[in-house]
1. Only residues that are polar (S, T, N, Q) and either touching a Ser or Thr at 6+ places or on another chain (Cβ under 8 Å) or assigned to a strand (DSSP E or B) (or both): list them for region 111-138, please.
2. Could you look through region 29-56, keep only residues that are among the acidic types (D, E) and part of a helix (DSSP H, G or I), and pick out the one that is nearest to L93 (Cα to Cα)?
3. Go through region 206-227 and give me each residue that's of a type outside the set (G, A, S) and within 14 Å of the ligand (Cβ to nearest atom).
4. How do the pairs read when you match residues in region 364-375 that are more than 10 Å from the ligand (Cβ to nearest atom) with residues anywhere that are assigned to a helix (DSSP H, G or I) and hydrophobic (A, V, I, L, M, F, W, C), using Cβ under 8 Å and keeping only pairs 6 or more apart or on different chains?
5. Restricted to region 72-124, and to residues that are more than 15 Å from the chain's Cα centre (by Cα) and among the basic types (K, R), which residue is nearest to V24 (Cα to Cα)?
6. Go through region 170-191 and give me each residue that's within 10 Å of the ligand (Cβ to nearest atom) and surrounded by 21 or more Cβ atoms within 10 Å (Cβ to Cβ).
7. So which of G245, G280 ends up being in a helix (DSSP H, G or I) and more than 16 Å from the ligand (Cβ to nearest atom)?
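The values are calculated or read from the model by the stated rules, or taken from the named source; none is laboratory data. Since this is a predicted model, take the numbers as computed values, not measurements. Ideal geometry is used to build each Cβ from the backbone, glycine not excepted, and the neighbour counts take in all protein chains shown.
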Amino acid sequence: MNFKLSEEHEMIRKMVRDFAENEVAPTAAERDEEERFDREIFDKMAELGLTGIPWDEKYGGIGSDYLSYVIAVEELSRVCASTGVTLSAHVSLASWPIYKFGTEEQKQRFLKPLAQGTKLGAYGLTEPGSGSDAAAMKSTAKREGDYYILNGSKIFITNGGEAEIYVVFALTDPEKKHKGVTAFILEKGMEGFRFGKKESKLGIRSSPTLEIIFDNVKVPVENRLGEEGEGFKIAMMTLDGGRNGIAAQAVGIAQGALDHAIAYAKERKQFGKPIAEQQGIQFMLADMATKVEAARLLTYQAAWAESEGLPYGLKSAMSKLFAGDIAMEVTINAVQVFGGYGYTKEYPVERFMRDAKITQIYEGTNEIQRLVISRYLLKD
Ligand code: CAA
């Protein structure tokens, strides 16, 4: 067993950290305040090859692996969780299912521009009436000759409105429930494909979250991803890996908050000495650091397993559950270390605390992760 990262992984970490600190961090607070998505940041990530980290060069990627990808999401989230999830949704949720289930023609047409970052991707599963119970979706896709006619809507779509390519799910056979779900690749600008309400959120405010509406959208058969009825499996398998991306986001948020807390504790003086000299603060920092490290190891292990072609669904769910929970705890404690100042917008820790909350909710709530994990444990 070897826990040392390879030179390639260290190099990617350094490159993303430099980029995050110099190009992402300076505007993070302002973008959060203004709820503003910055496409230029995404374009710069594309220039660095981050948008196609795990994909082969023939599909426009840089031919690295999932561990490099989670390191990138972690480093971005260490300064701006919104930027972290932009990349995570783009790679794990939009690109992965096309890489895994797309035809060669679909990979050239859709995966390549996603990997090169000339197009941004999104994923649409959740509906107003189907969140945790994903199989209860109502959107339909009715075959008419060489087309499917899509009707319905999806909510809480990360990268919604800004993305050009959407992997979405609809019922081609409503009678069959989850066995009647089919996946489709939609493109911005298709007739009847509209954007609805933009959510105003507690955290990850510079990541757009929109409703997407299908109003008799005419989708060519060649945009169907996989076979009819395969959609639910595609959606679930996509989330298996996506959850590890969210774990990486959570680790990054927690590490960012911890870094700020350590720096502040050394600088802030009370009772005639830096608060870092108080054992109460020291113990708090020690607990925070230990939990961040444990979450990171679980997250990297799941990514490593996926890179090696080993089963990773269980580890991925565990990583998201644990990292999401500790990100919440660590960021709350970071605010505590800062005291009253931590509660103000003068320092970034309140933003980290707001951003952490979503990691316990999206890509399956942590209650759903417990359900997924326990099913692995209890199955024959
Ligand atoms: N891989 C492959 N197949 C899977 C699978 C997996 N991980 N999980 C389930 N399946 C298959 C099952 O084998 C089963 O197949 P058969 O019918 O052929 O036997 C079928 O799917 C149905 O499985 P279940 O009976 O387990 O389904 P269920 O209705 O009980 O629900 C669930 C399972 C795990 C609760 C699922 O509904 C779920 O994951 N819910 C959470 C949804 C979610 O994570 N949403 C996130 C939205 S995306 C998002 O948040 C993005 C963002 O903003 C960034």
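1. Going residue by residue through region 111-138, those that are polar (S, T, N, Q) are 116, 118, 126, 130, 132.
Matches in region 111-138: Q116, S130, S132.
2. Initial filter on region 29-56 (among the acidic types (D, E)): 30, 32-35, 38, 40, 43, 47, 56.
Applying the additional criterion that residues be part of a helix (DSSP H, G or I) yields 30, 32-34, 40, 43, 47.
Details: E30: 27, D32: 23, E33: 26, E34: 26, E40: 21, D43: 19, E47: 21 Å.
My answer is D43.
3. Filtering region 206-227 for residues of a type outside the set (G, A, S) gives 208-225, 227.
P208, T209, L210, E211, I212, E227 - these are the residues of region 206-227 that are of a type outside the set (G, A, S) and within 14 Å of the ligand (Cβ to nearest atom).
4. Every condition considered, the pairs that remain are N366/L321; R370/L321; I373/L314; I373/A317; I373/M318; I373/L321.
5. Looking at the filtered set, the residue picked out is K119.
6. Step one: filter region 170-191 for residues within 10 Å of the ligand (Cβ to nearest atom), giving 176-179, 181.
Selection gives V181 alone.
7. Details: G245 fails: more than 16 Å from the ligand (Cβ to nearest atom).
The conditions single out G280.
Let's see how each residue does on (1) in the same structural domain as F156 (by the TED database); (2) within 21 Å of L67 (Cα to Cα); (3) more than 16 Å from the ligand (Cβ to nearest atom):
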| residue | (1), (2), (3) |
| --- | --- |
| L285 | no, no, yes |
| A303 | no, yes, yes |
| L314 | no, yes, no |
| G324 | no, yes, no |
| M328 | no, no, yes |
| F352 | no, no, yes |
| T359 | no, yes, no |
